[in-house]
Every structure is written in C-alpha cells, then in structure tokens.
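Worksheet: one structure, shown below.
The values are calculated or read from the model by the stated rules, or taken from the named source; none is laboratory data. Keep in mind it's a predicted model, so treat the numbers as computed, not measured. Cβ coordinates were reconstructed from backbone atoms using ideal geometry, including for glycine residues, and neighbour counts include every protein chain displayed. Keep in mind that these areas ignore ligands, DNA and RNA; they rest on the heavy atoms of the full protein, side chains included. Shrake-Rupley method; radii C 1.70, N 1.55, O 1.52, S 1.80 Å.
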Amino acid sequence: MKRPLARLFTLASLCFAAMLLAGCDNSTSPTARPGAGSSATPSATQPSADQPITAGQPGSTQPASGANGSAKKLSGVLNLYIWSEYIPPAVLEEFTKRTGVKVNVDNYDSNETLLQKLQSGVVDYDLCVPTDYMIKILIEQKLLRPLDAARLPNLKNVDPRFLKRGFDPEQRFCVPYLWGTTGVGYNKQSLPGGVEGWGAMFDPANKGKILMLDDMRECFAAALKSMGKSLNSTNADDIKAAAELLKKQKALVKTYNSSDYDNILASGDVSLAQGYNGQIAKLAAKEPAKFAYVIPKEGTTWSMDAMCIPVKAQNPDAAVAFLNFILEPEIAAQIVNGVNYASTNAAAKAFIKKEILENPAIYPPADLLKKCEAMEDLGEATSLMDRYWTEIKAE
Amino acid sequence: MADLAPRSRPFLLLLPTWLTLGLFFVLPLGIVLILSFAQRSPTGSISPVTDWWAYISSGKFLSNYAQSLDGLYLRIFWRSLWMAVLTTVLCAVIAYPAAYYLAIAAPTRWKGLLLALAVIPFWTSFLVRTYAWMLILRTQGLANDLLIAAHLIKEPLDLLYNQTSVMIGLVYGELPFMLLPVYASLEKLDRSLLEAASDLGAGKWSRFWRVTLPLTAPGLAAGTVLVFVPSLGQFVVSDLLGGSRSMLIGNMIQNQFTTARNQPFGSALALELTLLVLLLLIAYAAYARKRGEELL
C-alpha cells in the first residue's frame, strides 16, 4: 500500500518542480521584453534618454524645492515600480546624486499586474505609477498611502486640469506624472494613403498587416469608438456589438501584443499597430519617412499615469522627496524629452524640446482631445466583457 | 544522529520535502480551493459573504465551477488538451530516434559530447529561446531570408503567429524532458536480450517492436508525463509565437487573475486543471504498480 503512494508523491514533487521551473519563466513573461532589461537599472545607458542634465549642474541644487530641505534625513533605497522605458536613467542618477538615495527600478506592463503585486502584499515598493482607472481601484482596496499636500509644495507646478479628477477628488493619493493616448502607428510606405481613423484597423484590405494591443479594454475601446460609442459603455448591447466587430476583425489581425508593438511595427511584420503614443512617437522620430502615429479621428483613450505611494512603502520620506523632485520644471521636462510622453506639469513647458511640444502625436490639438475619453472601471460589466474577450480568443 | 531512534530517521529525512511541499504546494492549493468557492465583487476583489447558510445551501458557492462547464470554456480546455497530446506525441516521435542513436548507435567517445550538445541550449532561459524563435520565424527573419537566398521562395512566408509556430515552440521547449528519460531507459537496456532476439530469428523491426520498445516503455511513459503536464498549462508560447490569437487554459486562467480581476473563477479553472493532471498522475502510478518497477 505504501510504496505506490510514496512513488506518487515523488512523481508529484518532480512534476511540481518542473511546473515551478516553467512557472518561473512564465511569471516573467508578460513584462519581459528584450530591451526592458536595459531600462531596469538606472545606471544602464539608454542612448535616446541620455541628454545632459540641465538641472544637474552643481549651481542648480534647487533651493526653491522646500521639501528637499529634508534631504539630510533621507537614506536607504527607493523602490520604484514603473512602466518600462518610462523614466530616463539620468533622472534617477540625478536624484541619487542629490539625496544619496539609490533608486531600484522594477517594470510592469499592465495595471493589472501592478494590482496583483500590491494585493499580494509581499512586495514593498515605495512608488508605483498606475493609470487613472487603476488609481480608483487601488484607493478602493486601500492599497495607497494618503499624501500630505503640505509636504508637496511642487504640486503647484501641475496643470490644474490634471488635478482633483473623479478617481481622486481631493488629490490625496496621487501626483500626476505623464499622459498619453492610444492610437495607431503605421508604416507610411505600405500605406501611402495614410490612416485617419479606426476604420483602417477593421478594413479587410489590411488583412494580415494589423497588430492590436493584447488588452481587452483597449481592443473594446477601439471597436466602441469606431462605432461612435463611449469606450466606458456598460450597455450590454454596445459591448455585444463591439465584440461582434472584434470577432470579425480577428481574421485580419496578425498578432495581439501589448509590450513589443513598436518593435514588431519596426520589423515590418505588421503595417498597422494599435499602441501608446510615446513608444510609437519615438519610432516615428527615428524614422520619420517610414513611420507615423495618428490619433484616430473618432477619438480614443487618453490616459494619465500618476505616482502613488503604496501603503506598504518602506521609505515613504524618500518617496515624497522623489515626488517633489520629478515635479520640478526642469526635471519634468527632462523626463518628457527622454520618453516622448506629454507632461502634466505646466511649468515644465518652457524646458521641453520644441519639436515635442509641436508634435501632434504627443500634444494633440484640443478639438481632437475632446473626443478622447479616460478609461473608467466598468464594475460588473468587466465580467461580461471578459466573456466576450474569451469568445474572441477561443476561435 | 546516533542518539536518535532508528524509526525517526526516515521522518527527519523526509521533513524538508514535506515542508517544501506543504508550504509551496499544499498551502497555496488550499488558498486556491477556498477562493474558488468565493464570488467576484463589482470592484474585482472578493465579495464578503453575509449569510453563510444561504450561500452554501443555495449552491452559490459552486457557481464558478458551474460557469466553467460552459461550452466556451470547455472548448478552450479541449483545445489545450489536444495541443498537449500533440506536443507529447511529436516529442516522442522526435526524441526516440535521437535517444536511440545516442544510447545505442553513437560511438562511445562521442556520446558525452552529443548528450551535452542536446542539453546545453536548455541552460538558457526558456523565454530567451522563445524570443529567438520569433526572430527566426518573423517575416524578415532568418528562416525567410535563407529560403529567399536559396531561391526556394520569392515572397516571405507567414511562419510566425499561427498554430504551427506555437507547435514548434512547444515541441522545442519540451523535447529534453522526453529525450532524457527515454535515453536513460535505452541506456539501461540489457544488450544480451537484443542478441538473444536476433539469435532466435527476429528481424530488425520485429526485434525493435517486440523487445526494445516494450522494455523502454517506462522511459516513454515518464517522458510523456514530464512533457504533457507542463505543455498543458503553457501560455507563454501561445502568447509569443502564436501572437496570442488563440487562448489556451493557461491564458484563460492568467486573464482571470489579471484583466478580468475574477480570482474566484480563475481559481476554479486552475483547480480543474490541477485535478486533470492529478488524474493523469494516478493513472501513471497505477501503470507503474502494474509493471512492478521503479519508473522514475
């Protein structure tokens, strides 16, 4: 009786070990991209972001930023959990130079991954950078530490239209960072006619040339917007109609990818890619004759990322100092110049490169921006949408 | 150790295993089991239960399992199962001749080197190797470049982002888990039995089918378990090489924990997958007992 059981356990543990090995690979997969490693360490040199630090000169140690006066008390490390390629390493080095606090960077590629990590309670990040709708969820689940406005004098630099929004009406939990749009990057050579709206992503003529984000909400947003509906619609008929459209579209889609879309577009595997503007703007800036980014005329998602301090932060003082630091106009501008996303910092405008300020892909015209919406949590409708999403992917 | 009663010694030796399994396998599985009876709250966390009696007597605690029996989810289960079976069969078909060559036909002095060559790629992260396959198979990738340079094709082929590329990735990734146990069983094979078969008039094929294969079946069985189980839960390969166009059980479970924020349903699906694997292992253990020998 005993031996087969023992053998079963040996086998189970072996298989478990095998699964564990496979699991280790799996767990890193969503965030891992070939280039992500380089952005994970502040010391790594990143060619495009290595501009000289204007604010870093010895003379400009910012006496104005009052909170940095507490710098003498700061010590230890600051664990920053942020999207990949979302902060220039030079900025982190500058912070270390001023405060002596070393910054460790860890990357994620979806808000949901961030939520999972914070929910698990086993990590102790000092700062994270969720998107608007996720801030609401994080606040509801009591995963964020309230901020003391008195300790954030530089918050005055933020453009008021990014403050006190619905998810954080008293501005108690987050400090606006960058904002951007989800749109279409395309290859000008394969699409000489250009792209204006979402229609191109659903056009049978482009079969096999399309990349969609592997993101349920963004795919539904594209479909809903192309039908003239709100991307936050919780109406079952709207969601169903969008799902039908996406099901039909699947035959045209070559791949769904959320982390590597710019590289796949650059490699020529696809000619049209749904993606976030910063990464595609970077590609278009590198090869302006070949690639372009367009905000679809029907409107799209606009999203703001904001820095928050998780409840479990081990070094909240350093986190507050870091928030004041990135709110300084010169530093905020340096970030924008490095990552090609628009700043929420009004005072930074004076220091941002002219070609970025004038680039409609990064700073879209006001009339187009009016048609864009920020994502909101769908509540119960999330489950309905997920079911359709599974149906789309089950084919 | 000398002052310990002999009876407690096996227990002490087993303690690390039990602790590891308990802490990292039984405990998480218990948490998943409890979660699988819960409900998603509108914000995507766990709904608190106010009336336990009503919750249990109405059968609501089983609703995640009921939902998983929907044709949609069963179809994904079925496809994953089918892909895992195909991966296992292909691995066996590819690994067996290779292992046969390594164990029996290869010159002894090359054996070590050849075996090392078969295993060395697997020192690199599985993810990196999968990305390498993307570079090989993409439209302007190595495979297409070579085929065009050799004037075999004019236009690049669509090699990436389909079922075939997923299969290539799966088989490639799991191959050594089949190769090594089969190699071990062939290596252990008593050569005098083969000679006896030949002496008694068996031809090459007959000798293989009636002697070699049955005697190395335990290696194949072990390889089958080692390949089938991980490929059933795979989701990276279908994401990267399949362009995440088709969902497998692994993707489905992952989605429930991420975008859908439905941990209870994800837990129920994960438990069903575990149960399926456990059934397979029990069948394997039964087979092992029937053969009356150590298989692993």
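Does residue B:153 count as under 30 Å from residue B:238 (Cβ atoms), assigned to a loop (DSSP other than H, G, I, E, B) and modelled with pLDDT under 90? It is true that residue B:153 is under 30 Å from residue B:238 (Cβ atoms), assigned to a loop (DSSP other than H, G, I, E, B) and modelled with pLDDT under 90.
Within segment B:106-124, the residues that satisfy the criterion of being open to solvent by less than 60 Å² (accessible area, probe 1.4 Å) and either assigned to a helix (DSSP H, G or I) or modelled with pLDDT of 90 or more (or both) are B:111, B:112, B:114, B:115, B:116, B:118, B:119, B:121, B:122.
Counting residues in segment A:365-384 that are of a type outside the set (Phe, Trp, Tyr) and in contact with a Pro (Cβ under 7 Å, 6 or more places away or on another chain) gives one or more. Within segment A:135-145, does at least one residue satisfy the condition of being more than 19 Å from the chain's Cα centre (by Cα), closer than 30 Å to residue A:366 by Cβ, in contact (Cβ under 8 Å) with a residue 24 or more places away in the chain and away from chain B (no Cβ under 14 Å)? No, that holds for no residue. For segment B:280-292, the criterion of being more than 10 Å from chain A (Cβ to nearest Cβ), open to solvent by less than 10 Å² (accessible area, probe 1.4 Å) and of a type in the set (A, V, I, L, M, F, W, C) is satisfied by no residue at all. On the basis of being more than 7 Å from chain A (Cβ to nearest Cβ), open to solvent by less than 40 Å² (accessible area, probe 1.4 Å), in contact with a helix residue (DSSP H, G or I) (Cβ under 8 Å, 6 or more places away or on another chain) and within 27 Å of residue A:247 (Cβ to Cβ), does residue B:268 make the cut? Yes; evaluated as a whole, the condition is true for this residue. Criterion first (hydrophobic (A, V, I, L, M, F, W, C), in a helix (DSSP H, G or I), surrounded by 15 or more Cβ atoms within 10 Å (Cβ to Cβ) and modelled with pLDDT of 85 or more) does residue B:66 satisfy it? No: the conditions fail for residue B:66.
In the condition set (1) free of Cβ contacts under 8 Å to residues at least 60 places away in the same chain; (2) open to solvent by less than 40 Å² (accessible area, probe 1.4 Å); (3) charged (D, E, K, R), residue A:215 is compliant with all but (1).
Can you find even one residue in segment A:151-162 that is more than 17 Å from residue A:265 (Cα to Cα), in a strand (DSSP E or B) and more than 14 Å from chain B (Cβ to nearest Cβ)? Checking segment A:151-162: at least one residue is more than 17 Å from residue A:265 (Cα to Cα), in a strand (DSSP E or B) and more than 14 Å from chain B (Cβ to nearest Cβ). Can we say residue B:171 is under 14 Å from the mean Cα position of the chain (by Cα), among the β-branched types (Val, Ile, Thr) and either at pLDDT 90 or above or surrounded by fewer than 17 Cβ atoms within 10 Å (Cβ to Cβ) (or both)? Yes.
Looking across segment B:180-196, the residues that are in contact with a Phe, Trp or Tyr (Cβ under 9 Å, 6 or more places away or on another chain) and buried (at least 22 other Cβ atoms within 10 Å of the Cβ) come down to B:182, B:183.
Every residue, every condition in (1) under 29 Å from residue B:230 (Cα atoms); (2) under 28 Å from the mean Cα position of the chain (by Cα), yes or no:
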| site | (1), (2) |
| --- | --- |
| B:52 | no, no |
| B:60 | no, no |
| B:63 | yes, no |
| B:68 | yes, yes |
| B:72 | yes, yes |
| B:78 | yes, yes |
| B:87 | yes, yes |
| B:90 | yes, yes |
| B:99 | yes, yes |
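With respect to the stated conditions, residue B:72 fails to be open to solvent by less than 50 Å² (accessible area, probe 1.4 Å), part of a loop (DSSP other than H, G, I, E, B), out of contact with any Lys or Arg (no Cβ under 6 Å at 6 or more places or on another chain) and not aromatic (Phe, Trp, Tyr). Scanning segment A:95-150 for residues that are hydrophobic (A, V, I, L, M, F, W, C) and in a loop (DSSP other than H, G, I, E, B) turns up A:101, A:122, A:123, A:129, A:143, A:147. Taken as a whole, segment A:172-185 holds no residue that is assigned to a loop (DSSP other than H, G, I, E, B), outside the structural domain of residue A:135 (by TED's automatic domain parsing) and more than 23 Å from residue A:387 (Cα to Cα). So for segment A:370-381 (the condition being over 17 Å from the mean Cα position of the chain (by Cα), assigned to a helix (DSSP H, G or I) and within 14 Å of another protein chain (Cβ to nearest Cβ)), does at least one residue qualify? Looking through segment A:370-381, at least one residue is over 17 Å from the mean Cα position of the chain (by Cα), assigned to a helix (DSSP H, G or I) and within 14 Å of another protein chain (Cβ to nearest Cβ).
Residue by residue, here is whether (1) more than 20 Å from residue A:374 (Cβ to Cβ); (2) among the charged types (D, E, K, R); (3) surrounded by 24 or more Cβ atoms within 10 Å (Cβ to Cβ) holds:
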{"position": "A:189", "(1), (2), (3)": "yes, no, no"}
{"position": "A:196", "(1), (2), (3)": "yes, yes, no"}
{"position": "A:222", "(1), (2), (3)": "no, no, yes"}
{"position": "A:229", "(1), (2), (3)": "no, yes, no"}
{"position": "A:239", "(1), (2), (3)": "no, no, no"}
{"position": "A:249", "(1), (2), (3)": "yes, no, no"}
{"position": "A:273", "(1), (2), (3)": "yes, no, yes"}
